[in-house]
1. Residues that are more than 13 Å from the ligand (Cβ to nearest atom), buried (at least 24 other Cβ atoms within 10 Å of the Cβ) and assigned by TED's automatic domain parsing to the domain that holds Ala398, at least 2 per element: which helices (runs of 4 or more DSSP H) completely within the stretch 157-262 meet that?
2. Working only within the stretch 103-124, note down all residues that are under 18 Å from Ile155 (Cβ atoms) and among the aliphatic types (A, V, I, L, M).
3. What pairs can you find where one residue is in the stretch 363-376 and touching a residue at least 24 places away in the same chain (Cβ under 8 Å) and part of a loop (DSSP other than H, G, I, E, B), the other is more than 11 Å from the ligand (Cβ to nearest atom) and among the aromatic types (Phe, Trp, Tyr), and their Cβ atoms are less than 9 Å apart, with a gap of 6+ or different chains?
4. Quick check on my filter: what residues within the stretch 294-320 are surrounded by 20 or more Cβ atoms within 10 Å (Cβ to Cβ) and out of contact with any helix residue (DSSP H, G or I) (no Cβ under 8 Å at 6 or more places or on another chain)?
5. Just one of the numbered conditions (1) among the small types (Gly, Ala, Ser); (2) away from the ligand (no atom under 16 Å from the Cβ); (3) closer than 26 Å to Val114 by Cα; (4) touching a Lys or Arg at 6+ places or on another chain (Cβ under 9 Å) is not true of Ala411; which one?
Amino acid sequence: MTDHRFDTLQVHAGSRPDPATGARQTPIYQSTGYVFRDADHAAALFNLQEVGFIYSRLTNPTVAVLQDRIAALEGGAGAVCCSSGHAAQIMALFPLMGPGRNIVVSTRLYGGTVTQFSQTIRRFGWSAKFVDFDDLDAVRDAIDDDTRAVFGEAIANPGGWIMDVRAIADVADAAGVPLIIDNTTATPYLVRPIEHGATLVVHSTTKYLTGNGTVTGGCVVDSGGFDWAANDKFPSLSQPEPAYHGTVFAETFGPMAFTFHGIAIGLRDLGMTMNPQAAHYTLLGIETLSLRMDRHVRNAETIAAWLEGHPAVKAVTYAGLPSSPYKVLADKVCPKGAGALFTFALKDGYDACVRFIDNVKLFSHVANLGDTRSLCIHSASTTHRQLQAEQQIAAGAAPDVVRLSIGIEDADDLIADLDQALAKAAGAMAAE
Ligand SMILES: *Cc1c(COP(=O)(O)O)cnc(C)c1O
């Protein structure tokens, strides 16, 4: 299967007709438990000597198809699905981290991730150092003896800026730590981070992979290429793991070590499990991923160019625009297109943004992205509200900025909606 191309893999990878019924679409296996053949079979499963289904907190046949499909699309060795994108980030860090350890992360991240990394993970004794990833020396300097991973978004939320994945991967590599890429906004159709040197890829499957705003989910993909035993930084993988009766995951499972650890310990003990219905919706969405992404990108290119020429607009961040400082990097990292998520700033500032948001009709004012429908949000008053002013600006969510997630509707209809909302925002300003 892995020698097939992307458009084939997105329909077929991981699935086959149901062996019991012949059902062609992947059934929703709505079962928590699975009958063991006999006591030896049960023992082999619990010893990880045989791969199979035990209990749906760990493994479920519908979820397993989705894991195999995303791993195939990303070009990874294995994948573990979980309940949300934020769960995936914790699942990715959990085997690597311990009290006193840190991660070096980009300043340009999804607002919820900034909060998760700057506040919540501190309860575990972990910390994050926020660095401008355009400055490779700053990334290099931030990595210290306690650093266990480098983390960034390939196409960064909310501005759609592009990360030089290969250059950052080389910095992480030289320091002996893995690069984790949040590939949510790019999807493996536009960027395959493992081909650019990343070790782990995390997803919020809630967004483009499902594609229609129905279910939350997450996924961690492992390249299978990182040598966890090359240094003593990753004892959960390279030393006997006390949480699984002394199993040495790197030795026993080779390129599948991280994936097996994620299931046998991560899902078992953290319990952030994806349910089979969510996996089913996401499998349906993934079948059309490349078709949707091509349309998302085409619409985003058209609309970003139109906005750039609008007199009320101060700036547009879309990396696919010839004027963008990220255009050269976009052509290198994501030649098929720079995604469909970007921001624009209004000359009349915060109040004009709020009036714009209140007047859109076709665009929905929603705290989501990657839907077939076009969405907009004023980040500074919503998703990035809990950030300090300088964090908002560093994250590209300044008070005069609106984020757009461009859908797959007709671009002319979307432009007409933006045009009337911008006119109302400007008109209200003039009247004041
Ligand atoms: C939405 C999102 C997340 C969090 O995912 P959830 O499924 O909402 O938990 C993480 N990173 C990015 C880039 C996102 O857009």
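1. Working: elements: 165-174, 187-190, 235-238, 249-253, 257-261.
Result: empty, no element qualifies.
2. Val105, Leu109, Val114
3. Filtered contacts from the stretch 363-376: Arg373/Phe363; Ser374/Phe363.
4. Correct list: His296, Ala300, Ala304, Thr317.
5. It fails just one condition, (3).
The values are calculated or read from the model by the stated rules, or taken from the named source; none is laboratory data. Please read all numbers here as calculations on a predicted model, not as lab measurements. Positions of Cβ are backbone-derived with ideal geometry, glycine not excepted, and every protein chain shown enters the neighbour counts.
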